[in-house]
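Presented below is the structure to which this report refers.
The values are calculated or read from the model by the stated rules, or taken from the named source; none is laboratory data. If you're wondering where the values come from, they're calculated on a predicted model, not measured in any experiment. Quick reminder, even Gly has a Cβ in these numbers, built from the backbone with ideal geometry, and neighbours come from all protein chains shown. All accessible areas refer to the heavy atoms of the entire protein, side chains included, with ligands and DNA or RNA removed. Shrake-Rupley method; radii C 1.70, N 1.55, O 1.52, S 1.80 Å.
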Amino acid sequence: MARLIGWLVFLALVGGAYWFGSDYVRRHPQDVPWTSFELAHPIGAFTGRKLAALGDRPGECRALLGRAGVEHVPVPPRHEGPDCGYDDGMRLAGGDVRFAPAGVVTSCPVAAAIHLLEERIIQPAALRRLGSRVVAIDHAGSYSCRRLYGRSEGAFSEHATADALDITGFRLADGRRVSVLGDWSGDAAKAAFLRDVRDGACRLFATVLSPDYNAAHFDHLHLDQAARGSVGWRMCR
Ligand SMILES: [Zn+2]
């Protein structure tokens, strides 16, 4: 009898743990690696990896943007030699913000992450730190057929596949401007805003490099979706 009761208690514990686990997963799909991904989910522990993984699945990435109602304009594939080009390019439309210069084309995972960055990170941080919304994002481009640091040999940059975007600054609705070059170590509120953007981007991009990383990034935030697998390392500096 005691043995039977022991087994019943054991089964109840296992069942409870299973129920609790599956309920947790149902309520927090963003925090586990195996659940399906939607842009509407809150940003969680695996959001960045799920976004980067979409690099191999352009159709799925475009469908994701469509289901989330994100304005996106696919562009024709582009290829320059064996190392440069893309099949999943899209023109960043931006919704509430514009991009300056306009017409920048990125890979789909970068476009999806930029959408979340703008909506969930940039606008709340701008309101909190600066009391005004961002109306434009200044950037230094995405696609560029080049190697890391513009060297003549070595690995190609994520820019060579449009899988990166360099953000140089922001324009606010009240007319103020924030630049990585001028404000990273300047005005306290603007510097805090830029760090909020950098730290938030780290939850959405495989690689985020700021002026804290090295001198080559003194005037921009480099964001990319380098494919390093579902448990690959991430870089946030
Ligand atoms: Zn870059």
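Here are the numbers:
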item: C-alpha long axis of helix 2-27 to longest principal axis of the chain, angle in °; result: 20 degrees
item: Student exercise, the chain dipole from Lys, Arg, Asp, Glu Cβ charges, in Debye to nearest 20; result: 520 debye
item: Tilt relative to the chain, helix 58-67 - C-alpha long axis, 0 to 90 degrees, to 10; result: 80 degrees
item: Solvent exposure ordering (accessible area, 1.4 Å, most first) of 174, 56, 219; result: 56, 174, 219
item: Accessible area of the chain divided out per residue, in Å², using a probe of 1.4 angstrom; result: 50 Å²
item: Distance cut-off 31 Å, percentage of C-alpha pairs in the chain lying past it; result: 28 percent
item: 0 to 90° range, to nearest 10: angle between helix 188-201 axis and the chain longest Cα axis; result: 60 degrees
item: Near-label residues of the range 197-237 by backbone N, under 17 Å of a point 7 Å along Cα→Cβ of residue 78; result: 225
item: Peptide ranges 155-161, 83-89 listed from the most packed, as the mean C-beta count within 10 angstrom indicates; result: 155-161, 83-89
item: Cα centroid of the range 149-178 to Cα centroid of the range 20-67, whole Å; result: 25 Å
item: Peptides ranked, highest mean first, by Cβ atoms within 10 Å: ranges 40-50, 182-192, 132-142; result: 132-142, 40-50, 182-192
item: Hydrodynamic radius (Kirkwood) for the range 32-173, which is based on Cα pairs only, to one decimal in Å; result: 15.9 Å
item: Environment charge at residue 155 (Cβ cut-off 15 Å; Lys +1, Arg +1, Asp -1, Glu -1); result: -1
item: Tensor-based shape of the range 165-237 (alpha-carbon gyration tensor, a/c under 1.5 rounded, otherwise prolate or oblate); result: prolate
item: J(HN,Hα) series, the range 129-140, from Karplus relation 6.51 cos²θ - 1.76 cosθ + 1.60, nearest Hz, glycine and proline x; result: 8, 10, x, 8, 7, 8, 10, 8, 10, 7, 9, 10
item: Positive-end extreme of charge dipole, the chain - chosen from 160, 42, 184 (charges on Cβ); result: 42
item: Relative contact order of the range 88-190, defined on C-alpha pairs under 8 angstrom at six or more residues apart (%); result: 25 percent
item: Estimated FRET transfer efficiency (residue 24, residue 228; beta-carbon r; R0 25 Å; 0.05); result: 0.40
item: Helical contribution to [θ] at 222 nm, DSSP H n ≥ 4, -39,500 (n - 2.57), averaged over the chain, rounded to 500; result: -10000 deg cm²/dmol
item: Most mobile of 153, 38, 118 in a GNM of the chain (Cα contacts under 10 Å); result: 153
item: Accessible surface of the chain, 1.4 Å probe, proportion on carbon and sulfur as whole %; result: 58 percent
